[in-house]
Amino acid sequence: MKCDRCENEATVHEWTKVGGEKHLCEQCASKAGLPVQSQTQITQLIAQNIASLLKPASEPASESPAAPGADATPAVTVCPSCGTALSQFRNSGLLGCPDCYAAFEGQLAPLIQRAHEGATHHTGKTPRSRSGGPGAPQVDVRAARALAAERVKKLDVLKKQIGEAVAAEHYERAAKLRDEVRRIETELASPDAGDMTT
Amino acid sequence: MSELGTVFTSDQVRGGASWLRTDAGDSDVVVSSRVRLARNLAGLPFPKKASKVQKQHAMDLIRARLNRIKGLGAGDEIIGRLQWIDVHQTTQSDRTLMVERHLISKEHARGDDPRGVAISFPDEQVSIMVNEEDQIRLQVMRPGLQLASALRQADLIDSFLNGVVPRAGGAAGEAEMDRSPDWLNYAFSPRFGYLTACPTNVGTGMRVSVMMHLPALRLTGEIEKVRRATKDMSMAVRGYYGEGSDAAGDFFQISNQTTLGKPERVILHEFEREVLPYVVDYERKARLFMVQKRRTQTEDTVFRALGTLRYARRITPEEALPLLSQVRLGILAGLVTDVKVSTVNQLVLLVQPHHLQRLLDREMDQDARREARAELMREWLKPDASASA
């Protein structure tokens with residue numbers, strides 16, 4: 001069935017006693033203010049929690065009750081294990097790897113709480129785990145997190161130095177610094193960062 | 001073997017799907033039940049982020065473990081061997097056919113990176129997608145309202161994959177650790193539970209859903225109340241083909257929205273005892289109302305639908321589905337007596353383009369399909385053939 005307003009397939013349907021039937025695609029339904037099903041649930045949640053997800057790397061994540069050390073460590077915007085950036089999650093609604101939950105815990109916790117009607121902790125089945133206690137993380141998340149935070153900090157410093165070098169017309173030095181920035185950015189963004197298969 | 005694909009034969013398609021049987025509880029309203037668990041392996045990125053090599057690696061690990069399933073469980077619920085299908089290597093026709101049969105999702109049918117599905121043939125009630133949004137999407141389907149049975153089986157398979165197996169010679173429910181080293185180490189956090197690519201699935205990773213046939217609520221305009229009520233109870237109402245799909249032919253899928261904070265059994269209990277009975281009851285009352293208070297109007301709708309299906313010479317799925325829905329209502333309301341509900345249930349599957357082509361074992365253009373579909377309706381709904389299937 002076609003959408004009443006455009007050529008897309010209609011996936012949202014509304015029946016009213018007075019107005020009859022409406023058949024719209026998700027985009028047109030959102031525009032018309034109709035409730036759209038869970039395909040967009042995550043997108044809506046992200047929009048509602050944009051404040052916590054937009055926290056800059058230099059600010060501590062205040063909504064992170066389970067991470068008391070968060071005040072000392074800057075909030076991470078890139079997962080140290082898989083290189084997924086928080087901005088990528090904002091766009092797709094999908095995280096990159098299990099470690100993203102630890103890396104972005106402060107930013108994700110309010111969103112998860114909202115998505116699950118106020119629930120903050122799992123109860124129910126727990127799996128057998130290879131590394132001792134159930135679900136012990138496979139990499140030292142805290143260490144990896146600190147490392148990534150350090151890299152992000154270093155990027156800021158390097159970028160500042162590039163500006164200074166250019167201003168002082170030290171172009172060779174600026175080029176070297178730029179190469180260093182690129183190297184770190186690639187490390188942070190690579191899906192194989194940390195080689196999780198081994 | 002058909003050139004269209006090798007996963008299904010024409011006979012298999014003709015035989016229908018066992019989860020559409022009509023001998024189970026409440027099957028007048030609840031067509032089928034489904035429990036789905038989402039799982040990922042620790043130490044590997046989720047499929048969307050994984051490289052081809054990582055996807056293949058995850059798939060090899062999962063497949064090796066799946067391969068060891070044989071005769072798991074007991075009695076009617078025993079799970080025999082699962083058949084593995086490399087989805088990325090199957091024909092487009094096979095993939096779409098599996099989507100139409102609810103064995104894989106539309107998303108899983110797309111793309112050529114390593115991806116697969118393990119299916120319990122011949123009943124097709126268990127299907128385990130590998131490398132969908134999560135590495136493992138395990139689903140168990142049942143005819144009628146049988147969520148507890150579906151959860152039992154899903155739980156058993158899940159535990160087996162995770163290296164927890166029923167104790168040999170032990171009582172039901174007794175388990176022990178599997179000594180063989182190939183069990184799967186799941187990604188899990190004590191706080192967020194089973195970790196999934198999308199945070200809306202964390203916790204139990206469990207989605208319970210039922211496919212309901214609600215023609216009377218739709219015809220009386222009450223369906224919007226159900227939508228609102230279920231939404232208030234954090235349930236999602238979706239179409240026949242799941243997320244983002246059309247509520248074709250008044251078949252609605254209702255499922256839980258939240259997966260974190262409650263144990264599996266509690267989620268299931270609330271869904272089954274506190275939500276569904278009201279919807280089932282509401283639909284039955286609406287059917288009664290239609291037959292008692294608006295009899296002629298209802299008969300008119302039902303018999304026009306049956307007439308069209310019995311005599312049309314060309315028909316699209318979009319036209320056929322609502323008509324089949326009205327005929328199904330007519331049978332259950334006692335107005336139509338020479339057609340079986342099971343026949344209608346199977347026709348709902350068979351009207352879909354790839355089912356039709358596989359049934360007749362030939363590729364057809366749209367016009368040819370419309371004619372073939374109309375012929376199929378005439379053959380299966382013949383006035384004197386009450387039990388054609």
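A few comments on the model shown:
- Flag if B:Ser93 is in contact (Cβ under 8 Å) with a residue 24 or more places away in the chain, open to solvent by less than 10 Å² (accessible area, probe 1.4 Å) and not aliphatic (A, V, I, L, M): no
- Residues (of a type in the set (S, T, N, Q), within 24 Å of B:Gln326 (Cβ to Cβ) and in contact (Cβ under 8 Å) with a residue 24 or more places away in the chain) located in the stretch B:258-315: B:Thr298, B:Thr301
- Sole residue being at pLDDT 90 or above, open to solvent by less than 30 Å² (accessible area, probe 1.4 Å), more than 10 Å from every other protein chain (Cβ to nearest Cβ) and under 23 Å from B:Pro45 (Cα atoms), chosen from A:Leu95, A:Leu86, A:Leu111: A:Leu86
- Failed item, numbered, when A:Cys100 is tested on (1) surrounded by 22 or more Cβ atoms within 10 Å (Cβ to Cβ); (2) in contact (Cβ under 8 Å) with a residue 40 or more places away in the chain: (2)
- A:Ala148 vs. criteria at pLDDT below 80, open to solvent by less than 40 Å² (accessible area, probe 1.4 Å) and within 17 Å of the chain's Cα centre (by Cα): yes
- Complete set of residues in the stretch B:39-90 that are in contact with a helix residue (DSSP H, G or I) (Cβ under 8 Å, 6 or more places away or on another chain) and within 12 Å of another protein chain (Cβ to nearest Cβ): B:Arg39, B:Leu41, B:Leu44, B:Pro45, B:Pro47, B:Lys48, B:Ala50
- Some residue of the stretch B:188-196 being at pLDDT 80 or above, within 20 Å of the chain's Cα centre (by Cα) and surrounded by 24 or more Cβ atoms within 10 Å (Cβ to Cβ): no
- The set of residues in the stretch B:15-38 being within 14 Å of chain A (Cβ to nearest Cβ) and either within 12 Å of the chain's Cα centre (by Cα) or open to solvent by 10 Å² or more (accessible area, probe 1.4 Å) (or both) consists of B:Val35, B:Arg36.
- Some residue of the stretch B:67-79 being open to solvent by less than 30 Å² (accessible area, probe 1.4 Å) and assigned to a helix (DSSP H, G or I): no
- Selection within the stretch B:172-187 - assigned to a loop (DSSP other than H, G, I, E, B), open to solvent by less than 60 Å² (accessible area, probe 1.4 Å) and small (Gly, Ala, Ser): B:Ser180, B:Ala187
- Applying a threshold of 6 Å to beta carbon distances and a minimum spacing of six or more residues, or different chains, the list of pairs starting in the stretch B:112-127 at a residue that is assigned to a loop (DSSP other than H, G, I, E, B) and ending at one that is open to solvent by 10 Å² or more (accessible area, probe 1.4 Å) and small (Gly, Ala, Ser) reads B:Asp123/B:Ser18.
- Scanning the stretch B:261-278 for residues that are open to solvent by less than 10 Å² (accessible area, probe 1.4 Å) and more than 16 Å from B:Leu151 (Cα to Cα), we see that the one that is farthest from the other protein chains (Cβ to nearest Cβ) is B:Leu276.
- Among the residues making up the stretch B:285-332, those that are in a loop (DSSP other than H, G, I, E, B) and surrounded by fewer than 16 Cβ atoms within 10 Å (Cβ to Cβ) are B:Arg294, B:Arg313, B:Arg314, B:Thr316.
- Selection from the stretch B:201-225 of residues that are open to solvent by less than 10 Å² (accessible area, probe 1.4 Å) and either within 7 Å of chain A (Cβ to nearest Cβ) or more than 17 Å from B:Val31 (Cα to Cα) (or both): B:Asn201, B:Val202, B:Gly203, B:Thr204, B:Gly205, B:Met206, B:Ile223
- Of the residues making up the stretch B:116-170, just one is among the aromatic types (Phe, Trp, Tyr) and surrounded by 22 or more Cβ atoms within 10 Å (Cβ to Cβ), namely B:Phe160.
The values are calculated or read from the model by the stated rules, or taken from the named source; none is laboratory data. Here the structure is a predicted model, which means the values were calculated and not measured. Every residue, glycine among them, receives a Cβ derived from its backbone with ideal geometry; neighbour counts consider all protein chains shown. We work out accessible area using only protein heavy atoms, side chains counted, and drop any ligands, DNA or RNA first. Shrake-Rupley method; radii C 1.70, N 1.55, O 1.52, S 1.80 Å.
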